[in-house]
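Any read-out appearing in this document is the output of simple, stated calculations on the displayed coordinates, not a laboratory observation. Nothing here was measured: the structure is a model prediction, and the numbers come from that model. Cβ atoms come from the backbone with ideal geometry, glycine included; neighbour counts cover every protein chain shown.
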């Protein structure tokens, strides 16, 4: 009964989406307020029905209803409840359900919270949102129905792929999807603006919170996925330039560019045409990401099934939406009015610089990810484009971006004073020089350029602090005055400083791990001692430990300082899942400050020697910590009252709320 | 600065950065691309020793020989030809005889493939796409594989 209810609800959602996709647009064309006002309730109703469908699927998993094919293939009654829930999106059909649920959720949010939007813009935007929803509802119902039944229900399910049975999976896909799909709002608003042929600074003000929210979720989602790969796959790497990772990085890069260009549009009414294009491109890259990951053209942990009709369906969605949006852009963008003037050296100029480099970096990732596919389709040659390609293209493009980043917030709008900004950054530059010297003196081995990487990271972090120091006038005026300035400062200024500091911290982590991480691979026996970095590990042997739907073989290591003092123990594990006859590696981690010791076990060989991978990862936690600081920056910026209050009337709002900068 | 000048500066800067990006990409494409080959391809195309390639196929039954110090030697086959592979390190969780495997590295002078990376999928029912295509090409594709590969379960590249 439950799965049928879910399928029926999804069909109703499709019907509602089709009405929502047409009526409001007709209303906006004919200036019919009744038709336009249909959009918000329809969006909410569509969300309710999608939510019912999603919950129905969830109930099938919770109840372990193996008469549902999707549940049978991906769940098992011995699995803990949390993994039965997360296995909803641990497969193709369920993850598409999550995708449309989030899409409908965002549509409903716009409908409920967009009370201050102009009627036509809101109607058009919700209609565009419904086009996307309708396409994906249809996709699920025709090619990826999660509610299909098996005539003779089996007694037990086939279990979820063991490497997906991990708490990280509870969090990573939903966050990533909130990011991907959140950009659909920017897309819908961009298309709505093009349909109307009118756009102003207020548009950026309405869209920016959505972009910011999506960007925050995507940042956390990518960082979460990276950390999951780090500890679950047992290879100790945090980023592999795998096509699937790139698929999430591309919308992030474009979204970051969009976030910055929307600031220029909001504050200075400039770069309108460019911002619209970025909004279209960002969501297009999200769609391409979905296509790459879900179509089976790439084989990875995320490509759940290889079914050509699905790939072709998603490809069709891709062509219609991206092609259609870009055609509309080419046709309507010339109608949009140009905005304010600015000198090359100015806040706007710095943000344009940011946009140029971010989009170019995004383009290199795009080419590196899709070139192998294109080449195979054209010539049949199979190639792989690995980390060396991305390191030598993406890296050089990111360095200028990092070097200029601290200058941006210190420059004035319209016309900036680069000398004064440089003067204020002198302390940061000196700190960075000290860091470079210290890195040369303290660290041996590693690439020659690594200390400069540390220098850039310190410069970015110190630059972010400089901005706050300058604005609060700390050390120059009494402490109470500093405090009141700090509290009175717009939250978005704090947000910028946090986000920039976070990327500097992440860079420091990446450089440290890449240049100075140590690795030790060996086959060891009980009693063996391994020295790594400043630690000495003794292998005390292995023991067995049963689990609910798996069996563990645990290795026990005692960790000592070089001086001999015991500081703890590590228990890396080989986990065997009988339901799929599969083994996974559960790495053991020991955190020392922001660095980590990392051990993973291999299969013991015939003479009882256990292969181990042992890493010392200096500053590794800064990578994800930095991403989390960026997320906090986004949250601070999102809480800025200037984003929440006012801005209902395009022209007036700008005059009344323009910041005094 | 007039509107027209500003637009020229912007477009100039955009083209400049894009040109740098393209130059970087072309440069990177020249020396960081790795071709995928089956053992038959290696024989047919006379892949030079020292050229980095990816070698894909099945691990030949009974060919795995472990020696001390984590050294392993095995043969990769596509049914028509075999190439011996040596590797030192920890093998992936699902490296097994009769399973699909991709090795990255280069041939040495004696025709032995010296791998520095071994990729095997994390799921025993999964067949890497490249390997499946190569087996089909060499006529050694069994329906059994297709059935297994079509099962909607995940595999992992790493």
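Points to keep in mind about this one:
- Extending 7 Å from Cα along the Cβ direction at residue A:521 and again at residue A:483 yields two label points whose distance is 5.7 nm.
- Residue exposure proxy: A:265, A:489, A:175, ordered by other Cβ atoms within 10 angstrom of their Cβ from fewest to most, comes out as A:489, A:175, A:265.
- Cα pair distances in segment B:1-103, grouped into 5 Å bins until the bin that holds the longest one, percent each: 2, 10, 15, 14, 12, 9, 6, 6, 5, 5, 5, 4, 4, 2, 1, 0
- P(r) histogram, all alpha-carbon pairs of segment A:433-544 included - 10 Å bins from 0, percent: 12, 26, 21, 19, 12, 7, 1
- Placing a label point 7 Å from the Cα of residue B:88 along the Cα-to-Cβ direction, the residues of segment B:36-71 with a backbone N closer than 20 Å are B:50-53, B:64-71.
- Relative contact order of segment A:416-468, pairs being alpha-carbon contacts under 8 Å that are 6 or more residues apart, as %: 47 percent
- Based on the Stokes-Einstein relation at 37 °C and a viscosity of 0.692 mPa s, and on the Kirkwood radius from alpha carbon pairs, segment A:518-617 is assigned a translational diffusion coefficient of 236 µm²/s.
- Taking 0.36 nm per residue of separation and subtracting the current Cα-Cα distance, fully stretching the chain between residue A:561 and residue A:378 would add 60.2 nm.
- Ranked A:456, A:530, criterion: other C-beta atoms within 10 Å, fewest first: A:530, A:456
- Prolate/oblate/rounded label for segment A:1-165 (Cα gyration tensor, a/c 1.5): prolate
- FRET E, pair residue A:341, residue A:371, Förster distance 45 Å, beta-carbon r, rounded to 0.05: 0.70
- Those residues of segment A:82-102 whose amide nitrogen sits under 18 Å from the label point placed on residue A:170, 7 Å along Cα→Cβ: A:82-91
- For q = 0.09, 0.13, 0.16, 0.19 Å⁻¹, Debye-computed log10 I/I(0) when each Cα of segment A:299-447 counts as one equal scatterer: -0.56, -0.96, -1.12, -1.26
- Mean projected area (nm²) of the alpha-carbon convex hull when segment A:1-49 is viewed from all directions: 3.0 nm²
- Restricting the calculation to alpha carbons of the protein assembly as shown gives Rg and Dmax of 27.8, 82 angstrom.
- Global form of segment A:319-396, assessed from the alpha-carbon gyration tensor, a/c cut-off 1.5: oblate
- Stokes-Einstein D (µm²/s) once Rh is taken as the Kirkwood radius of segment A:514-577 over alpha-carbon pairs, at 10 °C in 1.306 mPa s: 121 µm²/s
- The fewest-to-most ranking of A:551, B:46 by surrounding Cβ atoms within 10 Å reads B:46, A:551.
- Dividing the alpha-carbon radius of gyration of segment A:367-479 by the rule-of-thumb value 2.2 N^0.38 Å gives 1.52.
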